[in-house]
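Student: Here you go, one structure.
Values in this text are rule-based calculations from the coordinates and carry no lab data. It should be emphasised that the depicted structure is a prediction, and the values quoted were computed from it without experimental measurement. So basically every Cβ, Gly included, is an ideal-geometry build from the backbone, and we count neighbours across all protein chains shown.
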Amino acid sequence: MITRWSIVAFVMVSTLAPAKPRIFYGWWVALAFSLIVFLSTGIRFAVGPFLKPIVSDLGLDRGFLFDLTGGYGAAFGVACALSWWGPDSP
């Protein structure tokens, strides 16, 4: 026999049940940053397979293209070194 109090007790017990555990949002942030680093590193080092088609299409020599990629690497290194001295540095 179902009474009013048994329904109330069922509702109270079902609302007090622990919620389904969720994934901590920090793991989603870590996953997003890992994906960004993975993709940016792949893009940075993907010059090799496309070197001959780029050189033939643009009419450049391989030395000039390597100078460009080396300049990018040097600029990236300088930017990383300068990032240590930001507005929040001591």
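Student: Once the Cβ-Cβ distance between Thr69 and Leu31 is put in as r, and R0 is 25 Å, what FRET efficiency do you end up with, to the nearest 0.05?
Tutor: Between Thr69 and Leu31 the formula returns 0.30.
Student: Please go through segment 22-90 and write out the trypsin sites (Lys or Arg not before Pro) that DSSP classes as loop and that have at most 16 other C-beta atoms within 10 Å.
Tutor: Answer by residue number: Arg22.
Student: Check each of the chymotrypsin sites (Phe, Trp or Tyr not before Pro) in segment 31-64 and keep only those in coil by DSSP with at most 12 other C-beta atoms within 10 angstrom; list them in order.
Tutor: Sites meeting the loop and neighbour criteria: Phe45.
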